[in-house]
Amino acid sequence: MTTLGQPTTLSLSAAMREGSMAEHREAEGSLFMTELLDGRLDHEGYAAYLLRLRVVYAALEAAVRERLDEPAVAAVHDPALERLAAIDRDLAHWAPHRGADGSRDVDSPAAEAYRTRLHGAGAWGGLLVAHHYTRYLGDLSGGQAIGRILDRTFDLDGAGTSFYDFPAIPKPKPYKDAYRERLDALDLSPGDVERVVGEVKVAFRLNQDLFTELGRDIDAYRR
């Protein structure tokens, strides 16, 4: 296998993780995410984040369903991971003035760029898997910490944190291990591994763009 032109014996999942470390760190260190993790954002700030996530997950989950005939997509697809309904439940808590569906549209060039990329990723299942991996394994990892911080900061007692609740996945670690095993079993060519790793890097940059956009209004969102 190769990762972005460099010879390696890494499995696909390891190549995806190690090949995107820099982009991952950059996204995690954004101003908006730092403020969120420190419990300094208000309801409007978090709702603004959820509205952008809604655009992303609607596009991702639709694209995955359309490509289930591709082995790579079928290998990772699991309805237990889908987040769109959970986001809508959370928006009812954080932004009750926002109705369902169309009235939850958001003016976000970053979210639109993300949606466009997801539509294009459907051209080859491996690219779509890169986004699936980046979003859902992140939700099962660092996302769990965000849920706990929100619950503690706003004294939610579980309300408004459906996005971080995976009732059909009670133990994230064994699930993530099995997910990575399914990735590795795809046995992609070196060139395809390189393409997947490159798209994981793109996915993290698209996330960073969301955070950068949100960060421009950070003063309005601070508690």
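General observations
- In the range 115-162, the residues that are over 14 Å from V196 (Cβ atoms) and within 11 Å of the chain's Cα centre (by Cα): R135, Y136, G138, D139, L140, S141, G142, G143
Conditions (1) within 24 Å of A113 (Cβ to Cβ); (2) part of a helix (DSSP H, G or I), marked per residue:
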{"position": "L137", "(1), (2)": "yes, yes"}
{"position": "R148", "(1), (2)": "no, yes"}
{"position": "F166", "(1), (2)": "no, no"}
{"position": "V196", "(1), (2)": "yes, yes"}
{"position": "L210", "(1), (2)": "yes, yes"}
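- The range 21-57, subset of a type in the set (D, E) and under 18 Å from D219 (Cβ atoms), residue surrounded by the fewest Cβ atoms within 10 Å (Cβ to Cβ): D38
- Among the residues of the range 184-193, some residue qualifies, meaning at least one is closer than 15 Å to S20 by Cα and buried (at least 22 other Cβ atoms within 10 Å of the Cβ).
- Output for the range 58-74, where each listed residue is surrounded by 17 or more Cβ atoms within 10 Å (Cβ to Cβ) and either touching a Ser or Thr at 6+ places or on another chain (Cβ under 7 Å) or among the basic types (K, R) (or both): R67
- Any hit, the range 196-208, residues being more than 16 Å from A80 (Cα to Cα), surrounded by 14 or more Cβ atoms within 10 Å (Cβ to Cβ), under 21 Å from the mean Cα position of the chain (by Cα) and among the polar types (S, T, N, Q): yes
Values quoted throughout were computed directly from the atomic coordinates according to the rules given, and no laboratory measurement underlies them. Bear in mind that the values here come from a model prediction, so they are computed numbers and not experimental data. All Cβ positions, glycine included, derive from the backbone under ideal geometry; neighbour counts span all protein chains shown.
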